[in-house]
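What follows is one structure encoded as structure tokens, with my remarks underneath.
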Amino acid sequence: MKGFAMLKIGEVGWIEKDRPKCGPRDAIVRPTALAPCTSDVHTVWEGAIGDRHNMILGHEAVGIVDEVGDEVKDFKPGDRVIVPAITPDWDSEAVQRGYPSQTGGPCGGWKYSNFKDGVFGEYFHVNLADNNLAHLPEGMSQEAAVMITDMMSTGFMGAENAGIELGSTVAVLGIGAVGLCGVAGAKLLGAGRIFAVGTRPISVEVAKKYGATDIISYKNGDTADQILEATDGVGVDGVIVSGGGPEILLDALKMAKAGSKISNNNYFGKGQGEKDTIPLCRVNWGFGMADKDIITGLCPGGRTRMERLADLVTYGRMDPELMVTHTFKGFDKIEDALELMREKPRDLIKPVVLLE
């Protein structure tokens, strides 16, 4: 089969590979809609997770089941499915401790385009199909569905980890697709005032539709200072970090109240300077004692997560299709869509490639 792959750090291309084999509890899926991710950019052009050779890229897909193993009960060939970006091993020790995204080690639930061929192939493998696939609801567009697989799940996790209560004041740093979903998630969880930090006009427009009450631009000065001024020096109850370089945590600590939660779902592709480190300000962190908790997480995956997010879309709580700004048609357009994510023009939030 054909696939679009990372050949080595800084280089991508089309390759031929054997069609994946299906285990007794697994499935083989033919993609019908795909979306490239900023994570793919970090992986290929920054070497963020180390070198990968001839690994098919991509982890955001919906598709049609082509084959299932003998022990699969709930899916059959021909079923249209949502495939989560994170496909945990549900019988692992990490799952029993409540951290399914971390099965097999840190970020181990992230298999596609990490240590296993991703979804940018003519076929791809899904482990534990009954646990890691969800039926595509009738009437849901593929564009909306493919946003569920990673963008919604990751962005909503950011809001969930921020400890939001009714009336909380929340700041979302970065309003790409993940940050926009953080805004929407914060609103659904009951936040009162929501600061969205970003400058792209298209993202600002969608952020307001998703519930942002204030837009903060770095062009108008230090973002943390602007938020502190807007809150009379008090700061915010929660911060969702969804973009920026390592220094973004300095802003988060500065604007966060004592007792707040800083929820990071940002993929730090690079460290600070020559070192692979993330900076913290000891003063704004209260010398390590200000009760400002930094919480990290990897996009939650699995069937139940996909089904619940799909319900939010089906019943009108969230319209993820607003984030789809560019649509390509045809398998050979994957390369163009990924290059668009790399270039990030001003009118881009998220591209989708439709294969049928």
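The numbers here are math on the coordinates, done by the rules we state, and not lab data. What you are looking at is a predicted structure, and each value in this text was computed from that prediction instead of being measured. Note: ideal-geometry Cβ built from the backbone for every residue, glycine included; neighbour counts use all protein chains shown.
Numbers at a glance
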item: Most mobile of G69, G121, G235 in a GNM of the chain (Cα contacts under 10 Å); result: G69
item: Top positive-direction residue, dipole computed over region 162-296 with Cβ charges, set I240, F287, V178; result: V178
item: Among 202-208, 299-305, the order from most to least packed when residues are scored by Cβ within 10 Å on average; result: 299-305, 202-208
item: Spin-label zone in region 99-121 - amide nitrogen under 15 Å from a point set 7 Å from the Cα of N127 along the C-beta vector; result: 99-119
item: Within a Gaussian network of the chain (alpha carbon springs, distance under 10 Å), most fluctuating of E307, E16, E335; result: E16
item: Cα-projected label distance for K344 with K116, points at 7 Å along beta-carbon direction, nm; result: 2.9 nm
item: Share, in percent, of DSSP beta bridges within the chain that are antiparallel, nearest 5; result: 50 percent
item: Under 12 Å, Cβ to Cβ, from A252 - net charge with Lys/Arg +1 and Asp/Glu -1; result: +1
item: Highest-first arrangement of 171-177, 246-252, 18-24, where packing means the average Cβ count within 10 Å; result: 171-177, 246-252, 18-24
item: Of K329/K350; K116/K333; K209/K344, those spanning more than 20 Å from alpha-carbon to alpha-carbon; result: K116/K333; K209/K344
item: Gap separating the Cα centres of region 284-334 and region 214-250, nearest whole Å; result: 21 Å
item: Stretch gain in nm, segment H326-T314, where the contour uses 0.36 nm per residue and the Cα spacing is subtracted; result: 2.1 nm
item: Lys, Arg +1 and Asp, Glu -1 on Cβ, resulting dipole of the chain about Cα centre, debye, nearest 20; result: 380 debye
item: Among V204, T169, I262 - extreme Cα towards positive end, dipole of region 162-296, charges at beta-carbon; result: V204
item: Footprinting exposure proxy for H326, H59, H53 (fewest neighbouring C-beta atoms within 10 Å first); result: H53, H326, H59
item: Nearest-0.05 FRET efficiency for D291 and L228, computed from C-beta distance (R0 22 Å); result: 0.80
item: Cα-based Lys pair tally, region 1-110, threshold under 25 Å, eight or more apart or on separate chains; result: 8
item: Net charge over other residues, Cβ less than 12 angstrom from the Cβ of D222 (K, R count +1; D, E count -1); result: -2
item: Global geometry of region 1-111, whether rounded, prolate or oblate, following the gyration tensor of its Cα atoms and the 1.5 cut on a/c; result: oblate
item: Value at 222 nm in deg cm²/dmol, rounded to 500, when DSSP H runs of n ≥ 4 in the chain each add -39,500 (n - 2.57); result: -7000 deg cm²/dmol
item: For the chain, built as a Gaussian network whose Cα springs stay under 10 Å, the top-fluctuating residue of G109, G63, G286; result: G286
